[in-house]
Each structure stands twice: as C-alpha cells, then as structure tokens.
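Comments concern the structure below.
The values are calculated or read from the model by the stated rules, or taken from the named source; none is laboratory data. Every value quoted in this text rests on a predicted model; they were computed, and no experiment measured them. We place every Cβ from the backbone using ideal geometry, glycine too, and count neighbours over all the protein chains shown. The accessibility values were calculated without ligands, DNA or RNA, using every heavy atom of the protein model including side chains. Shrake-Rupley method; radii C 1.70, N 1.55, O 1.52, S 1.80 Å.
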There are 2 protein chains.
Amino acid sequence: MSRTRTTPGRRVESDVVDIGEHEFESGEILPDLKVAYEAYGEFDGQNAVLVCHGLTGSQHVAGHGTESGVSGQARAWWGDIVGPGKALDTNDYYVICVNVPGSCYGTSGPASEGPDGEPWGTDFPPVTVHDWTRAQRRLLDHLGVGRLHAVVGGSVGGMNALDWAVQFPDDVERLAVVASAARLDSQCLGIDAVARRAITSDPNWNGGDYYGEDRATPDAGLGLARQLGHLMYLSKDSMERKFGRRSAGRGDRGDAFPSDPAAAFFPYREVESYLDYQAEKFAERFDANSYLYLTRAMDDFDLSEGYESDAAALAAFEGESLLVSFTGDWHFTTEQSESLAGAFRRVDVPVAHHVVESDHGHDAFLVEPEKVGPPLGDFVDEGVAGRAVTDTATDGGEPDEEEDFAPVHSSLFSR
Amino acid sequence: MSRTRTTPGRRVESDVVDIGEHEFESGEILPDLKVAYEAYGEFDGQNAVLVCHGLTGSQHVAGHGTESGVSGQARAWWGDIVGPGKALDTNDYYVICVNVPGSCYGTSGPASEGPDGEPWGTDFPPVTVHDWTRAQRRLLDHLGVGRLHAVVGGSVGGMNALDWAVQFPDDVERLAVVASAARLDSQCLGIDAVARRAITSDPNWNGGDYYGEDRATPDAGLGLARQLGHLMYLSKDSMERKFGRRSAGRGDRGDAFPSDPAAAFFPYREVESYLDYQAEKFAERFDANSYLYLTRAMDDFDLSEGYESDAAALAAFEGESLLVSFTGDWHFTTEQSESLAGAFRRVDVPVAHHVVESDHGHDAFLVEPEKVGPPLGDFVDEGVAGRAVTDTATDGGEPDEEEDFAPVHSSLFSR
C-alpha cells in the first residue's frame with residue numbers, strides 16, 4: 001500500500017447518525033439510537049480500521065486541528081498513533097471511531113433526551129459490550145463498510161474488539177487488543193463497584209436524576225470514581241517516581257473536596273494534588289450516569305460467555321490477532337494477555353503477544369505511543385509477521401499454558 | 001523462662017487511665033489525655049511486651065471470655081497469637097496493648113468529650129505516630145513498666161513499634177515489625193487520600209460535626225473508605241480465589257448504598273457483597289473522624305524524619321529486631337521490609353527479615369497466625385537466633401542492598 005502523504009489522510013468526517021430502532025441485549029428497544037463517530041482518511045472498499053475507545057474515551061481518536069476546550073480522552077486520545085504518517089496511517093486507512101452507547105459524547109446514553117423530552121437518566125436501557133459492537137456494526141452498514149481490515153481497541157476497547165471476533169468473526173481480518181483481557185478479575189470488579197458506590201452515594205446523584213440548568217451534579221462522587229480509576233491506571237513504580245511523598249504547595253490545594261482544621265497540620269502531597277486535579281477535570285467532561293453504565297458493561301464482559309471457553313468463543317475467527325500488554329499494568333495484566341494468547345493458539349488463530357516493558361501501568365497504552373505504535377502499525381500493515389511485532393511463544397505455534405515467556409523489548413521505532 | 005500454664009496467663013486488666021496534660025507534636029495541649037489499655041498476664045519487672053495495634057484496631061488484642069457485640073479488629077484481633085500457651089504467651093509475658101490517641105475505643109480522640117462538654121470533632125489536635133508512642137510511654141510509666149522486653153506491631157502498629165526504637169531506643173530489648181514499612185509509598189498515600197475524601201464528601205460528615213442522638217453519621221463515606229481499605233488489604237490472587245466473578249444471591253444485596261434500575265440487569269457479585277458487608281459492619285464500630293486522624297498519622301510517618309536516613313534513625317537502638325513480611329502484600333511490601341532490614345544491618349543491629357510465602361495480601365498478618373506465631377514467638381523468647389526465625393541475608397550479616405534473597409518458608413508450627 002503506497003503512502004502518499006497527501007491531503008486524503010487529513011480528511012475527517014464527524015457526525016451523529018440516527019441508526020433507527022435498536023434492541024439492546026436487555027431486550028429493551030430504543031426507537032432511534034443515535035451514534036456519534038469520527039472517521040479519518042478515505043475509504044477504498046478494503047481499508048477500513050475500526051478503533052474502539054476506552055472507558056471514558058470518545059470517537060475523537062485523532063487530532064484534526066479543530067480541538068476546542070475538551071480535555072482528557074475526549075480530546076484526540078490516540079493522536080500520536082492515528083493520523084497521516086502515524087502508526088495507523090490515515091493516508092492508507094479509513095480509520096473509524098464510534099462513541100459507544102451509554103457514553104456521553106453524542107451517542108445515545110443516560111444524558112440523552114428520552115421519550116418524554118427529558119434526559120433518560122437511569123431509565124436508559126442497561127448497556128453491554130455486545131450492544132456497543134452491534135451498534136458499531138450498524139453504523140458501519142450505514143457508512144457502506146462491510147468487512148473491516150482491522151479492529152483495534154485499548155483497555156475496555158480491547159474487549160469491544162474481542163467481541164467483534166465473536167459476534168462478527170467474518171467481518172474482521174486483523175484484530176489488535178491492547179492492554180486488555182478476556183474479562184476483569186475480582187480485584188478490578190471490586191474497585192469498579194466501589195467507584196459506582198461513590199457516585200450513587202453522592203446525594204446530588206439523586207437516583208440518576210440531576211440533569212438541567214441550576215441542578216447540582218454529583219461531581220464529588222464522580223471525582224472519587226475517577227481518582228480510583230487513576231490509582232488503577234498508574235503503577236506503584238510510576239506513582240513513586242512521579243509523586244513520591246513530596247509535598248505540593250499549599251496554594252495548590254483544590255476546592256473539590258471539603259477538609260477540616262486538623263488536616264492543615266499535614267502536608268498536601270503531590271499525589272493528592274494530582275488526584276484532586278484529575279477529579280475536577282473529569283467532572284467537567286464526563287457524565288456520572290455514563291460512568292455507571294460503562295463500568296457495568298466492562299465488568300459484565302466475559303469473552304467465554306455462552307461458550308465453553310475463551311478458545312471456543314474465538315473458534316470462528318479466521319483472521320490474525322495481536323495482543324499488546326505492559327509489564328507494569330496491574331489492571332489488565334500481561335498474564336491475562338498471555339492466557340488470551342493461549343486461547344487464540346488453541347484454535348489455530350495466528351496470534352502474537354507483544355509484551356512491552358513499562359512501569360507506566362495501564363496508562364502505558366496511552367502515554368507510550370512510541371512503544372505501541374511500531375508493533376500495532378506493522379501488525380495492521382503486515383499481520384503477525386510484521387517487523388516490529390514480537391511474540392511470547394518462541395516457536396510461535398503450539399499452545400502451552402505453563403510455558404514461561406521472555407518478553408522481547410521492541411526498539412524498532414523506525415516507522 | 002518456665003511455662004506454668006496456670007491462671008496468671010489468664011489475668012486481664014482493662015482500664016482507661018487519665019495520664020494528665022499531654023502536649024501533642026503539633027504543640028497543642030490536652031489537659032487530660034485519657035488512655036485505654038488492656039494487659040494480660042503478670043508483670044515480673046522484666047517481662048513486659050507492648051503490642052501496637054493496626055489502623056482500626058483496639059487495645060483488645062486477645063480474647064478473655066468477656067467479648068460482647070464488638071466486631072472486626074475491635075474484638076480480640078490477635079487472639080490466636082496472644083494468650084496462655086500462644087506465641088506471645090501470657091503465662092510468661094505481661095502483654096500490654098494501648099488504644100492510640102485519635103482512635104475511638106476509649107482513648108481520647110475526636111469523638112471524646114471536649115472542653116465544652118461536646119465531642120471534640122475535628123477540633124481535636126492533629127495526631128502523629130510520635131504522639132502514640134509518647135502516650136504509650138506515659139501509660140507504661142503509670143503502670144510502673146520501665147524497659148520493655150519487646151515491642152511488637154503489625155501494619156501501622158509496626159510503624160509505631162519502629163518509632164519506639166527511635167524515640168526510646170534504650171527502653172526496648174526486642175523489636176518485632178510485622179507487615180510494615182519505614183513509610184508509605186505514593187500509591188498507598190493516594191489510596192488513603194481518596195478514602196479521606198470519601199468521608200469528607202459525605203454531607204453527613206458536616207465538617208466533622210455529626211455526634212449526638214438522632215444525627216445522621218457519614219456511614220456512606222466511611223463505608224467507602226473501608227472498602228478501599230479492604231481492596232488494599234487483599235491481594236489480586238486472594239480476591240480471585242475468594243470471590244472470582246461469582247454472583248451473590250440478589251437477596252444478599254445490602255442497603256448500604258443506593259442503586260438504580262439499570263443495575264438490576266447485572267449480577268450482584270460476591271466481591272460486591274463482601275465489600276458492602278464490610279462497609280456496613282465498619283460503620284457500626286468505627287468513628288469517621290478517627291479514620292481521618294489515624295490515616296493522616298500513618299501517611300505522615302517517616303522513619304527517617306529528622307535523620308539522614310532510616311539507618312541513622314535506628315543507630316541508637318541496641319536491641320534486636322525481627323521483620324516479618326508477606327509475599328502477597330502490596331500495601332506493605334516484602335521489598336520495603338528488605339530495605340528496612342538493610343537499614344538495621346547498616347547500623348549493626350541484629351536483625352532477621354522473615355519472609356512468609358502468602359497470597360493473602362496485607363491481611364495475612366491477621367489471618368495467618370500459624371505463619372506469624374512461630375517466628376514471632378521464638379523471636380520474643382530467644383531473639384534473632386530463635387528456632388523458627390529465618391532471615392533473607394544468608395550470612396546474617398553484611399549489608400547488601402542489591403542482594404537477591406530467597407524467602408525460606410517456615411513450617412515449624414511446634415510451639
């Protein structure tokens with residue numbers, strides 16, 4: 001595929017499409033599901049790449065010079081990976097990212113207008129990862145995209161990508177699952193549960209009914225939930241290096257949380273300042289009900305659901321797969337990716353499990369694009385044989401769950 | 001020392017002593033600090049062992065047949081370790097445990113009556129680990145106990161024990177620090193900060209003023225804080241084994257936290273049920289302001305404070321020390337204990353770092369008494385040469401921070 005480095009790679013579509021009636025996995029029906037998406041580059045019939053966003057991400061995966069005041073993952077969250085000349089090169093590929101149902105960036109969710117003209121709130125149907133996948137499939141139908149050259153997803157977006165291989169195995173040629181897993185473990189389920197309780201315990205949450213001018217929003221609860229998220233996304237080592245036990249200036253103390261006289265005797269630490277800042281920024285950009293809905297979808301996802309095993313769930317998939325994991329990620333661990341790689345191997349799906357040495361924790365998939373880009377780009381271009389792609393299975397073949405693996409650190413940043 | 005196995009070991013004192021005026025580290029003065037303690041066995045002038053409790057523990061370290069409705073660490077929290085014929089044998093030793101200032105089990109704290117006859121609330125002076133140690137010293141003076149045969153502490157109680165070696169190095173012969181560290185790392189500081197924000201964000205906290213009949217207490221915020229604690233105390237492996245992704249019965253859903261209709265589509269999991277139960281039980285037994293005060297004291301503790309290093313802080317200590325750590329503990333890690341062992345070694349304090357293979361997380365020091373008892377009991381009896389005591393330094397001597405250590409698993413349960 002030629003790399004023209006001309007204007008096509010800079011072409012951006014940004015739209016909200018009413019895909020009509022949609023039956024959710026719960027059985028509830030929405031007469032008019034609206035789906036917000038962005039697409040970059042030009043579709044040539046065979047070059048579509050679907051990128052699935054993380055929990056609080058948006059369809060705005062790449063920068064296109066029109067960014068406004070949005071922040072966090074609402075703003076070009078993979079701008080170093082997707083774009084003209086980037087790993088997912090929009091000169092070559094038609095890259096589509098779809099905001100998932102239940103979210104709050106244009107796709108229907110709890111904050112959207114319900115049948116009575118008021119926001120749905122928690123009357124919005126429960127949402128699952130299957131619902132995300134099916135809504136994406138229908139949006140792609142609308143766009144005239146059949147088979148996808150690749151589906152790529154990070155974190156819970158990786159679960160979304162895996163779900164494509166189960167629900168629409170014939171529609172995906174290459175599947176890249178970054179910093180993800182076949183399912184959350186008990187510890188992460190526990191942390192998510194506490195995060196939701198922080199939101200629902202905030203009196204301003206009010207059963208999910210807090211929308212409208214002059215109404216107080218559950219910012220404190222949502223802020224706590226976000227702080228828990230950040231604690232999960234960072235590693236012990238990265239926190240120690242970034243913040244240690246250092247004090248922040250008193251002037252930095254945010255007003256996001258109440259305090260008391262006795263607190264003033266103790267230092268306000270950089271780690272607190274960071275977490276308070278993140279809480280405040282997040283409450284400005286995300287909807288508390290969406291956080292409840294999307295974490296429930298993530299918690300609920302289990303690759304093997306309805307099958308005897310993860311391998312059985314993947315048996316119909318005939319494409320190739322790349323798994324990228326990060327050694328310092330305790331949210332979605334390298335062991336979980338290796339177990340998933342074993343499932344692919346058992347059903348003879350060509351798979352590479354590329355382990356990145358990193359102490360950035362789960363956050364690495366966003367903050368270390370120089371480590372993610374090369375294997376991801378080469379895989380999307382050339383499959384598991386791609387130059388920068390490494391694999392934990394030395395023989396690249398036989399399944400062996402007990403086998404130790406030696407992560408090979410990629411230093412091929414030549415793309 | 002003979003083991004008589006007669007009634008003396010069953011003797012229990014339980015009292016609250018007014019130790020008079022006490023100047024806190026903050027400079028604030030309490031005219032009448034009340035200190036609650038329990039003591040087991042009989043003092044013979046040389047057999048006193050001070051046990052320092054964990055964050056939410058109480059002076060009630062051992063069972064004595066008078067337990068009432070209290071639960072959790074308020075109830076005989078080390079009853080399998082301390083007692084007649086146990087590792088810390090109350091037939092031999094006079095074991096004292098003192099509720100720390102700032103707590104809520106009889107020693108003065110935010111819930112105690114202040115000068116105006118009302119509870120102090122957050123006007124109670126800020127409390128540090130140094131304040132705990134000095135209050136303990138004064139209580140021991142009152143009891144006629146000078147030099148201690150041993151100081152033993154688990155978790156933040158281990159920090160309290162370390163502080164004894166710094167503040168009163170001549171008063172301690174043997175020092176046992178279990179599942180603890182010279183200071184909290186950044187990740188734990190972050191989690192504690194979020195826990196405190198959960199409390200202070202609860203409107204019922206009301207600036208710390210919530211005492212009195214018919215007043216709502218910040219149970220939701222305190223419950224969230226406790227849930228974070230449990231997430232820290234358990235390991236990924238132990239949670240996976242205990243709860244996995246299993247559903248609990250719907251009937252088990254607690255009423256501690258509000259929920260919404262969309263939640264009902266998803267399973268209520270065992271991990272949630274466990275966390276909700278723990279939240280509810282904790283709010284019944286602990287004071288929210290005390291949780292703020294004691295976590296701040298823990299966060300603030302730094303062994304090297306006022307010294308050039310941990311080793312320098314320990315230089316005046318002429319006794320022996322045992323450190324016990326647990327491989328699955330990510331709150332207070334084996335690495336932190338090994339670093340602390342290095343500090344002792346550098347100033348030629350005889351030290352043994354006994355590593356216990358365990359996947360129980362931080363909780364292991366409470367739930368695996370069969371692994372803690374033998375090394376602890378033998379150490380208190382015989383010092384670092386005690387039979388069940390192992391050490392990470394194969395030569396038991398020269399400091400070598402870079403040295404790998406092979407944990408030796410003790411299977412000597414013969415005591």
Worksheet item: For region A:105-125, which residues satisfy the criterion of being assigned to a loop (DSSP other than H, G, I, E, B) and either over 20 Å from B:ASP260 (Cβ atoms) or open to solvent by less than 40 Å² (accessible area, probe 1.4 Å) (or both)?
Response: A:TYR105, A:GLY106, A:THR107, A:SER108, A:GLY109, A:PRO110, A:SER112, A:GLY114, A:GLY117, A:PHE124, A:PRO125
Worksheet item: Could you list, in sequence order, the residues of region B:160-208 that are of a type in the set (A, V, I, L, M) and within 14 Å of another protein chain (Cβ to nearest Cβ)?
Response: B:ALA181, B:ALA182, B:LEU184, B:LEU189, B:ILE191, B:ALA193, B:VAL194, B:ALA195, B:ALA198, B:ILE199
Discussion item. Just to verify a result, which residue in region A:296-316, among those that are crowded, with 23+ Cβ neighbours inside 10 Å and away from chain B (no Cβ under 14 Å), is nearest to A:LYS371 (Cα to Cα)?
Written reply: A:LEU314
Practice prompt. For region B:240-247, state whether one or more residues are more than 7 Å from chain A (Cβ to nearest Cβ), surrounded by 16 or more Cβ atoms within 10 Å (Cβ to Cβ) and of a type outside the set (S, T, N, Q).
Written response: no
Worksheet item: Of all residues in region A:339-363, which are touching a residue at least 40 places away in the same chain (Cβ under 8 Å) and acidic (Asp, Glu)?
Response: A:GLU357, A:ASP359, A:ASP363
Worksheet item: On the given criteria, is A:TYR211 open to solvent by 20 Å² or more (accessible area, probe 1.4 Å), away from chain B (no Cβ under 13 Å) and not aliphatic (A, V, I, L, M)?
Response: yes
Item to complete: Output the number of residues of region A:134-154 satisfying the condition of being open to solvent by 10 Å² or more (accessible area, probe 1.4 Å) and closer than 23 Å to A:HIS353 by Cβ.
Response: 1
Worksheet item: Among the residues of region A:254-262, is there at least one that is assigned to a helix (DSSP H, G or I), more than 8 Å from chain B (Cβ to nearest Cβ) and either closer than 30 Å to B:PHE24 by Cβ or modelled with pLDDT of 95 or more (or both)?
Response: no
Worksheet entry | Any hit, region B:233-240, residues being part of a loop (DSSP other than H, G, I, E, B), farther than 20 Å from B:TRP120 by Cα and either in contact (Cβ under 8 Å) with a residue 12 or more places away in the chain or not charged (D, E, K, R) (or both) | yes
Practice prompt. Enumerate the pairs (first residue in region B:147-163 and closer than 15 Å to B:ALA181 by Cα and at pLDDT below 95; second residue anywhere and assigned to a helix (DSSP H, G or I) and open to solvent by less than 10 Å² (accessible area, probe 1.4 Å)) with beta-carbon separation below 6 Å, excluding pairs fewer than 6 apart on the same chain, so at least 6 apart or on different chains.
Written response: none
Worksheet entry | Restricting region B:357-384 to residues that are of a type in the set (Asp, Glu) and part of a helix (DSSP H, G or I), the residue that is nearest to B:ALA150 (Cα to Cα) | B:ASP381
Worksheet item: Can you pull out the residues in region A:194-219 that are in contact (Cβ under 8 Å) with a residue 60 or more places away in the chain and in a helix (DSSP H, G or I)?
Response: A:ALA195, A:ARG196, A:ILE199, A:THR200, A:TRP205, A:GLY207, A:GLY208, A:ASP219
Worksheet item: Where residues in region B:18-36 are open to solvent by less than 10 Å² (accessible area, probe 1.4 Å) and touching a helix residue (DSSP H, G or I) at 6+ places or on another chain (Cβ under 6 Å), which of them is nearest to B:GLN136 (Cα to Cα)?
Response: B:VAL35
Worksheet item: Which is crowded, with 21+ Cβ neighbours inside 10 Å, outside the structural domain of A:PRO374 (by TED's automatic domain parsing) and within 30 Å of A:GLN227 (Cβ to Cβ), of A:PHE282, A:PHE332, A:PHE326?
Response: A:PHE282
Discussion item. Please go through region B:119-132 and give me each residue that is in contact with a Phe, Trp or Tyr (Cβ under 6 Å, 6 or more places away or on another chain) and either hydrophobic (A, V, I, L, M, F, W, C) or within 15 Å of B:PHE24 (Cβ to Cβ) (or both), ordered by number.
Written reply: B:PRO125, B:PRO126, B:VAL127, B:VAL129, B:ASP131
Worksheet item: Looking at A:LEU55, is it within 25 Å of A:HIS362 (Cα to Cα) and at pLDDT 95 or above?
Response: yes
